[in-house]
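S.K.: Sending over a structure as structure tokens; questions will come in a sec.
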Amino acid sequence: MAGIGFTLRRLTQRDDLIGAVIGYGHSVFISAGPWLLTVLALIAINLILTDAMPRDSLELFRSIIVYNFSVSLVITGPVILVATRYLADRVFEKRVDTAPALMVTAMVLGTAPGLLLAAWFYLVVCTIPIPLALLALANYAVISAIWVAGLFLSALKAYVRVTVSFGLGMAGSVALTYLVGAAYGPIGALAAFSGGLALTMLVLMATVLAEYRYPMTRPVNLLRYFRDYWELALGGLVYNLAIWIDKWVLWATLDDTSVVGGALVTAPLYDGAMFLAYLTIVPALAIFTVAVETRFFEDYQRFYRQIGDHSTLEAILENQRGVERSATDGLRSVMVIQIVISVLVIFFAPTILDAAGGASRQIGMFRFGVLGALFHVLMLFCGILLMYFDARRPALTLNIVFLATNGAFTWATSELGFPYLGYGYFASTLVCFALGVVLLFNVLRHLPYYTFVRNNPSVTGA
């Protein structure tokens, strides 16, 4: 994402409010655009179809979307992280001629395994009509392709075009789903929603191919990166498993669940509260993106550039202190603002849930979810900064602990009863945030060692 720094600096340093709004708006989309627009579209569809569609049909439509989102995120996670590293290396070398082949290879690797699993699940395990099962498969393929295409967004720098494409695609999805879903049930709703997503995917692919007008060359080069950067692949898989493990545990253990289509089990109260809680981290994502891509990245570049210029030890240590200061200041700024937002959301939780069509029973788990999202996003930022320094093992350790604690704590607290739902996720993210801070500042304190020894191929032999 380094290429966006200049644009964000220019916008946020303009001496007017509009520049700041545009700059932070860009950073929101760069950091969470596809996820945010899709979640907002689903919330809108849920609200407008509540009275226009039978409850079981709406639940079936919603469950298929949730299952496709969860499985596609887990399976594309390793591909996206490894492909991002591959693309970043090619951009650094100014050899982006393999970008079109990278996109196609990554889409195949990210979509095919999950599509086979989804085919078995929807066609064999579930008891849903064949047309609906085929639409569910198409929806899965489109969602997976969009996750993969999303890694090109920052490299494209076509922020306005991509933002408008996503916005129009999601708006079209909502309108079509309302019109068709009310008349043709879950089949019509899923066809309309998938149509909007497919339109967005095609625009993204066309934009990438128009930007990188090269023939498809060396399509299998990406495969070598899975061997060289296995920690990235495993980290992507583990992190996305960790995000969903609390839902899966509760789907399997709670009595108060919804079962549609024979095998689509969800916990609507918990799932809805958590999805709504995740939206509270959007401001933190925007602020962190601006902080990292402006001041932190300048200090980061200076540290490595002066090492390349054979600077003195004193200059290297001074630059190291600059990196530590900018990382600390960035995390502190995000933490303060996100804490204020979280406290306000917790205070107004009943009003927010009522406006979103939630139930009063969700207030407790929603508040735990907001607290969990607060520490989750701070933990995520520690993990991202670790990756800036190529500290793959510490980042992988953090993700493994997140997976283990979120699964174990959620299972343990679910045994305590309904009032404790969400507590496991909150406790897990709190522990992982503390661990993330320790790991991050350990790397920052030993940055010259990581640079000259741990990440030096001539020393490690990697």
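The values are calculated or read from the model by the stated rules, or taken from the named source; none is laboratory data. The model shown is predicted, which means the values in this text are computed figures rather than measured ones. Cβ: placed from backbone, ideal geometry, glycine included. Neighbour counts: every protein chain shown. These accessible areas exclude ligands, DNA and RNA; they are computed on the full protein's heavy atoms, side chains included. Shrake-Rupley method; radii C 1.70, N 1.55, O 1.52, S 1.80 Å.
S.K.: What single numbered condition from (1) surrounded by fewer than 19 Cβ atoms within 10 Å (Cβ to Cβ); (2) at pLDDT 90 or above fails to hold for LEU374?
M.R.: (1) is the only condition that LEU374 fails.
S.K.: Among the residues of region 411-461, what is the count of those that are closer than 19 Å to PRO394 by Cβ, open to solvent by 60 Å² or more (accessible area, probe 1.4 Å) and not in a helix (DSSP H, G or I)?
M.R.: 1
S.K.: For region 259-294, which positions are under 30 Å from ALA119 (Cβ atoms), among the small types (Gly, Ala, Ser) and either open to solvent by 20 Å² or more (accessible area, probe 1.4 Å) or touching a Cys at 6+ places or on another chain (Cβ under 8 Å) (or both)?
M.R.: GLY261, GLY262, ALA263, GLY272
A quick yes/no check of all residues on (1) basic (Lys, Arg); (2) surrounded by 15 or more Cβ atoms within 10 Å (Cβ to Cβ); (3) under 16 Å from VAL148 (Cα atoms); (4) at pLDDT 85 or above:
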{"position": "VAL180", "(1), (2), (3), (4)": "no, yes, no, no"}
{"position": "ILE187", "(1), (2), (3), (4)": "no, yes, no, yes"}
{"position": "SER194", "(1), (2), (3), (4)": "no, yes, no, yes"}
{"position": "TYR214", "(1), (2), (3), (4)": "no, no, no, no"}
{"position": "ARG218", "(1), (2), (3), (4)": "yes, no, no, no"}
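S.K.: Among the residues that make up region 223-246, is at least one of them part of a loop (DSSP other than H, G, I, E, B) and either open to solvent by 50 Å² or more (accessible area, probe 1.4 Å) or touching a residue at least 60 places away in the same chain (Cβ under 8 Å) (or both)?
M.R.: Quick first cut of region 223-246, residues part of a loop (DSSP other than H, G, I, E, B) only: 229.
If we keep only those that are either open to solvent by 50 Å² or more (accessible area, probe 1.4 Å) or touching a residue at least 60 places away in the same chain (Cβ under 8 Å) (or both) as well, we get 229.
Within region 223-246, one or more residues are part of a loop (DSSP other than H, G, I, E, B) and either open to solvent by 50 Å² or more (accessible area, probe 1.4 Å) or touching a residue at least 60 places away in the same chain (Cβ under 8 Å) (or both).
S.K.: Looking at this structure, is ALA356 closer than 30 Å to ALA133 by Cα, open to solvent by 20 Å² or more (accessible area, probe 1.4 Å) and in contact (Cβ under 8 Å) with a residue 40 or more places away in the chain?
M.R.: When the stated conditions are applied, ALA356 passes them.
S.K.: A further question on this structure: Of everything in region 383-410 that's aromatic (Phe, Trp, Tyr) and either open to solvent by less than 10 Å² (accessible area, probe 1.4 Å) or modelled with pLDDT of 95 or more (or both), which residue is nearest to PHE441 (Cα to Cα)?
M.R.: PHE389
S.K.: Now, a different point. Return the pairs, sorted by first residue and then second, in which the second residue is open to solvent by less than 10 Å² (accessible area, probe 1.4 Å) and among the small types (Gly, Ala, Ser), the first residue lies in region 62-87 and is closer than 18 Å to LEU264 by Cα, the beta carbons are less than 6 Å apart, and the residues are 6+ apart or on different chains.
M.R.: Within 6 Å, the pairs are ILE64/ALA136; VAL71/GLY114; SER72/GLY114; SER72/SER144.
S.K.: Check GLY422 against each of (1) without any contact (Cβ under 8 Å) to a residue 60 or more places away in the chain; (2) under 20 Å from LEU374 (Cα atoms); (3) small (Gly, Ala, Ser) and name the one condition it does not meet.
M.R.: (1)
S.K.: Could you identify the single residue in LEU109, LEU132 that is at pLDDT below 95, over 20 Å from ASP228 (Cα atoms), touching a helix residue (DSSP H, G or I) at 6+ places or on another chain (Cβ under 6 Å) and among the aliphatic types (A, V, I, L, M)?
M.R.: After applying the criteria, what remains is LEU132.
S.K.: Out of the residues in region 80-103 that are farther than 15 Å from ASP228 by Cβ and within 19 Å of the chain's Cα centre (by Cα), state the one that is least open to solvent (accessible area, probe 1.4 Å).
M.R.: Checked region 80-103; the qualifying residue least open to solvent (accessible area, probe 1.4 Å) is MET103.
S.K.: So is PRO78 under 27 Å from ALA182 (Cα atoms), assigned to a helix (DSSP H, G or I) and at pLDDT 85 or above or not?
M.R.: no
S.K.: Let me ask another. Please work out if THR312 is open to solvent by 70 Å² or more (accessible area, probe 1.4 Å) and either within 22 Å of LEU430 (Cβ to Cβ) or not charged (D, E, K, R) (or both).
M.R.: On the way: open to solvent by 70 Å² or more (accessible area, probe 1.4 Å): yes; either within 22 Å of LEU430 (Cβ to Cβ) or not charged (D, E, K, R) (or both): yes.
Answer is yes for this residue.
S.K.: Something else about it: Checking the condition farther than 23 Å from SER63 by Cβ, among the β-branched types (Val, Ile, Thr) and touching a residue at least 24 places away in the same chain (Cβ under 8 Å), which residue from THR200, THR207 passes?
M.R.: Values: THR200 fails: farther than 23 Å from SER63 by Cβ.
Checking each option against the conditions leaves just THR207.
S.K.: Residue pairs, Cβ under 9 Å, 6 or more apart or interchain, first in region 400-419 and closer than 15 Å to PHE368 by Cα, second basic (Lys, Arg). List them.
M.R.: Final answer for the pair search is THR410/LYS247; PHE418/ARG361.
S.K.: Where residues in region 129-141 are open to solvent by 20 Å² or more (accessible area, probe 1.4 Å) and of a type in the set (A, V, I, L, M), which of them is nearest to the chain's Cα centre (by Cα)?
M.R.: Filtering region 129-141 for residues that are open to solvent by 20 Å² or more (accessible area, probe 1.4 Å) and of a type in the set (A, V, I, L, M), the one nearest to the chain's Cα centre (by Cα) comes out as ALA141.
S.K.: Can you pull out every residue in region 315-335 that is over 24 Å from the mean Cα position of the chain (by Cα) and open to solvent by 80 Å² or more (accessible area, probe 1.4 Å)?
M.R.: The answer is GLU318, ARG321, ARG325.
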